[in-house]
1. How do 43-55, 273-285 rank on mean C-beta neighbours within 10 Å, highest first?
2. Principal axes first, then extents: for the Cα atoms of segment 108-183, list largest minus smallest coordinate on each axis, whole Å, largest first.
3. Rank Phe179, Met225, Gln202 by how far each Cα sits towards the positive end of the charge dipole of segment 170-232 (+1 on Lys, Arg Cβ; -1 on Asp, Glu Cβ) and give me just the farthest.
4. Using a Gaussian network model of the chain whose springs link C-alpha atoms within less than 10 Å, name the residue from Arg118, Arg62, Arg157 with the highest mean-square fluctuation.
5. Taking the Cβ of Ala271 as the centre, find all other residues whose Cβ is under 10 Å away and add up their charges (Lys, Arg: +1; Asp, Glu: -1).
6. When only C-alpha pairs under 8 Å and at least 6 residues apart count, what is the relative contact order of the chain, in percent?
7. Taking the dipole about the Cα centre of segment 25-287, with the C-beta of Lys and Arg at +1 and of Asp and Glu at -1, give me whichever of Thr56, Pro211, Ala257 is farthest to the positive side.
8. Could you work out the per residue convex hull volume over the alpha carbons of the chain, in cubic angstrom?
Amino acid sequence: MPAPARISSPRAALRTLLTGRPDGAAPWVRAIGEPGDSGWFGPGSTTWRVHADAATLVGGIRALLVQAMHPTVLAGFDQHSAYREEPTSRLQRTAAFVTVTTFGSSEQAAAACERVRRAHAPVRGTTPEGRPYDASDPELLGWVHLALVDSLAEAVRRYGRTAFDLDDYLAETAVVGDFLEAAHVPRSAAELAASYDHYHPQLAVTSASFPAHRFLLDPPLPAPMRPAYRVLAAAAVASLPPRLADLMAARPVLPAAPAAVLGRAATRMLAVMLGRSPAAAAAASRQS
């Protein structure tokens, strides 16, 4: 694993966690400012406002926890991902994908989805229970998309500063799921509930669930990152509805009630500390 970037402040620690760089200026962030159109959403969209909220930090962790509740999706992570050797890699890839598809030009957003397609192409195997899987399966892609958009929206609703209409958000973000050819892409709150009803019978706690959830709740991050990450992870768990909370195989360091309070305080503090999203700023400069 490459040596971690030098971390000199809490802001640098968080930027490093999400982008791999203390200044947050990863190549994919800088590229968003290059000439191009308004992208799939554009200024004034619900998606731009939601994804610029610092509470999406909680949402990203929540999405990984929820995605791992599907045993077949988890088997793909375990068998084809190096996330245990590179503990920030999965979160950074998720952050990069969401950021580029949100704030990038249409060309950049489509290219980000194509990279996901190429990465999924060789991801095939058999679960410990003997079920074959293919990461390009629309059913599995549908679960990953559902967990992501629901987690980002729920985290911002609970902990963020951005008021938004869930139906508008889901209708907009459906373009990403459709481009990836995912199944059961929700376009409204009613469809979101229906998609969860469809997938819930497929979810389970298995022998692989505990190590995966334990790792996601407290990965071996550099010391400056760990306290803040643990609070955000606990807040992510506190935001789960009962039927998903019951599928958590490991427990965070904080119980739900204080985690929710601290999570709200932490995201408000992070919003002040981090300032404006570098990606949103780059996207705005592209429009000028």
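Laboratory data are not the source of any read-out in this text; all were calculated from the coordinates shown. Values in this document were obtained by computation on a predicted structure and should not be read as measured data. Because the Cβ atoms are built from the backbone with ideal geometry, glycine has one as well, and the counts that use them run over all protein chains shown.
1. Highest mean packing first, the order is 43-55, 273-285.
2. 43, 31, 17
3. Met225
4. Comparing Arg118, Arg62, Arg157 in a Gaussian network model of the chain, the most mobile one is Arg118.
5. Around Ala271, the surrounding residues sum to +2.
6. Details: 435 pairs, mean separation 77.4, N = 288.
The normalised contact order for the chain reaches 27 percent.
7. Positive-end residue among those listed: Ala257.
8. Output value, Cα hull per residue: 118 Å³.
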